[in-house]
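Presented below is the structure to which this report refers.
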Amino acid sequence: MEYFLTEQQKTIKGLARRIAEEKILPVRAELDETEEFPWAVIKDLADSDMFRVFIPEEYEGLGGGCFELCLVIEELSRVCSGIAVSYAASALGCFTLLEYGTEAQKQKYLPHIASGRRLTAFALTEPTAGSDASAIKTTAERVDGGYVLNGTKQFITNGGEAEIYTVIALTDKTRGARGASTFLVEKDTPGFSFGKKERKMGIRASSTRELIFRNCLVPDENMIGKQGMGFIMTMKLLDRSRPGIGAQAVGLAQGALEAAVDYSRQRIQFGHPLISLPVVQDILADMATRVEAARALVYAAARTVDSGAKNFTEESAMAKVFASDTAMKVTTDAVQICGGAGYMKDYPVEKMMRDAKITQIYEGSNQVLRNAIAIELRKRKARRE
Ligand SMILES: Cc1cc2nc3c(=O)[nH]c(=O)nc-3n(C[C@H](O)[C@H](O)[C@H](O)COP(=O)(O)OP(=O)(O)OC[C@H]3O[C@@H](n4cnc5c(N)ncnc54)[C@H](O)[C@@H]3O)c2cc1C
């Protein structure tokens, strides 16, 4: 399928593919086994300017948008989505700053993020607030010169590894989600520490940790946007970032498809390669069609985000839901085609199937996002009436 990429987009995509093939492929199985954070690869990505892709030129970035970010995430995920998500989380962690930060905040943080020297993370989820993000309990109490944060965040990607955290906390407990605000918290701030590192089914090269705030004083100048706007900014941020999860899913599915085609070409049963069996051809054809449909939807959603459109909740949710369901289906089919070998850790599809599951869960589970799509449809119907 032709997606009419510009020369710059082709270069970014090609570079990301090269890093994935040359730097990630040789270490992906080991990092999956050891659950070690991929610092060496992060450095390679930084040296190749990959963290500049999603930062505007005035802050030492390359001026790309959601679409360019998706191209990188897709290529990295084709080889290892655990490493891809460590990269992508740094974009998620700075989107609110990019969109709503003051000039001083942007000047202070974005050039470091663009250089890849300082990773970021985004912290919304808490033990009692997952799908129902409005149930957060972390508080930010106003004091002279700043806010004192108290509470615990759970399942935070890049937790412990990132230097800069975008944290959502209640500045007014009585107003629920309308009382939430957004803060930038630096790693070495007194009162900020890390809990356990989670042991996961998939994306095991990524780090997922608890963040603990105990009387953590954050200066006034680290609040992003207006007090009380934290929840609204977060919902908009997630609309912007969900095509990235779609891209992660597309890359994963593409990697699994390629592995299944390779295996079915060389595996001989009943005197013929598996790929000569019509039933295997049917499965491969469906896999390839689904991957391409998911890619088209993710690219369209990412381009909508970059178009300056005001509302893209529906497009972005559709892209994430469809691509992640595709990744789960295609990676499962890839294991099936590879048979017993596919179930073994010596073959990459076993890891890909484990890695795919999370794409249906995080940044809004697919059930919750289907609700969101239905709400948009109802609004549209109401407007027609
Ligand atoms: C590896 C990993 C990395 C993560 N990274 C981050 C991060 O960087 N930052 C961050 O803030 N969070 C992060 N999260 C949190 C993630 O976004 C949440 O796990 C997710 O939103 C789901 O919340 P939950 O796990 O509490 O599930 P729950 O909300 O408890 O949901 C459990 C099940 O119930 C279903 N359900 C819940 N409510 C409804 C409803 N209204 N309608 C239909 N079905 C419903 C869900 O679909 C799901 O299947 C991460 C999670 C994981 C596992």
message = Pick from Lys106, Lys137, Lys310 the residue whose mean-square fluctuation is largest in a GNM of the chain, springs joining Cα atoms under 10 Å.
response = Lys310
ask   = What residue among Pro278, Pro190, Pro26 has the largest mean-square fluctuation in a Gaussian network model of the chain, using Cα springs under 10 Å?
value = Pro278
ask   = Which angle between 0 and 90 degrees, to the nearest 10, do you get for helix 348-357 versus the longest principal axis of the chain when only C-alpha atoms count?
value = 40 degrees
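Name the shape class, rounded, prolate or oblate, that the alpha-carbon gyration tensor gives for the stretch 225-333, where a ≥ b ≥ c are the square roots of its eigenvalues, rounded holds for a/c under 1.5, and otherwise prolate holds if a/b is larger than b/c and oblate otherwise. Don't skip to the answer; put the middle values down first.
Values: a/c = 4.41, a/b = 3.39, b/c = 1.30.
It is prolate, given that a/c is not under 1.5 and a/b is the larger ratio.
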inquiry  = If you roll a 1.4 angstrom probe over the protein chains with everything in place, what fraction of the accessible area of the stretch 63-176 belongs to carbon and sulfur, to the nearest %?
reply    = 48 percent
request  = Give me the distance between the Cα centres of the stretch 182-257 and the stretch 91-119, rounded to whole Å.
outcome  = 14 Å
ask   = Just the Cα atoms of the stretch 270-328: what Rg and Dmax do they give in Å?
value = 16.5, 58
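Against the globular-protein guess of 2.2 N^0.38 Å, express the Cα radius of gyration of the chain as a ratio, rounded to two decimals.
On the way: Rg = 21.0 Å, N = 385, 2.2 N^0.38 = 21.1 Å.
Scaled against compact globular proteins, the figure is 1.00.
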query = How about Lys200: which aspartates and glutamates have a C-alpha closer than 16 Å to its C-alpha, ignoring those fewer than 8 places off in the same chain?
reply = Glu30, Asp32, Glu33, Glu35, Glu36, Glu210, Glu350, Asp355
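For the cross-link pairs Lys173/Lys320; Lys173/Lys196; Lys329/Lys379; Lys320/Lys351; Lys197/Lys357; Lys108/Lys236, which exceed 25 Å when the distance is taken from alpha carbon to alpha carbon?
Checking Cα-Cα distances, Lys173/Lys320; Lys173/Lys196; Lys329/Lys379 exceed 25 Å.
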task = Please arrange Lys345, Lys187, Lys236 by accessible surface area, largest first, computed with a 1.4 Å probe and ligands excluded.
result = Lys345, Lys236, Lys187
ask   = In deg cm²/dmol, rounded to 500, what helix-only [θ] at 222 nm does the chain give when every DSSP H run of at least 4 residues adds -39500 (n - 2.57) and the total is split over its residues?
value = -17500 deg cm²/dmol
note = Sorted by accessible surface (1.4 Å probe, heavy atoms of the protein chains only), largest first, Phe54, Phe231 come out as Phe231, Phe54
message = Can you give me the solvent accessible area of Leu15 with a 1.4 Å probe, rounded to the nearest 10 Å²?
response = 50 Å²
ask   = Got the relative contact order for the chain handy, in percent, Cα pairs under 8 Å and 6 or more residues apart?
value = 16 percent
Å² of accessible area per residue within the stretch 196-249, as computed with a 1.4 Å probe and no ligands counted = 41 Å²
Charge-dipole axis of the stretch 66-217 as Lys and Arg at +1 and Asp and Glu at -1 on Cβ define it, positive-most pick from Phe192, Ser90, Gly116 = Phe192
message = Sorted from largest to smallest, which semi-axis lengths in Å does the alpha carbon gyration tensor of the stretch 269-368 give for its equivalent ellipsoid, taking the root of 5 times each eigenvalue?
response = 32, 16, 9
remark   = Rounded to the nearest 10, the angle in degrees between the Cα long axis of helix 230-266 and the longest principal axis of the Cα atoms of the chain comes to 20 degrees
ask   = How far is helix 66-79 tilted, in degrees, relative to the longest principal axis of the Cα atoms in the chain, given as a value from 0 to 90 rounded to the nearest 10?
value = 50 degrees
remark   = Of every hundred units of 1.4 Å-probe accessible area on the stretch 261-343, the number belonging to carbon and sulfur atoms, as a percent, is 59 percent
query = How big is D for the stretch 118-187, in µm² s⁻¹ as a whole number, if Stokes-Einstein is applied with the Kirkwood radius of its Cα pairs at 10 °C and 1.306 mPa s?
reply = 129 µm²/s
query = In the Gaussian network model of the chain, springs joining C-alpha atoms below 10 Å, which of Val279, Val291, Val27 carries the largest mean-square fluctuation?
reply = Val279
query = Which order do Leu124, Leu277 take by accessible area at a 1.4 Å probe, largest first?
reply = Leu277, Leu124
key: Percent of Cα pairs exceeding the 13 Å cut-off, where the set is the stretch 163-205   = 68 percent
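The values are calculated or read from the model by the stated rules, or taken from the named source; none is laboratory data. All values reported here derive from a predicted model rather than from experimental measurement. Neighbour counts run over all protein chains shown; Cβ positions are idealised from the backbone, glycine included. Only protein heavy atoms, including side chains, enter the accessible area calculation; ligands, DNA and RNA are left aside. Shrake-Rupley method; radii C 1.70, N 1.55, O 1.52, S 1.80 Å.
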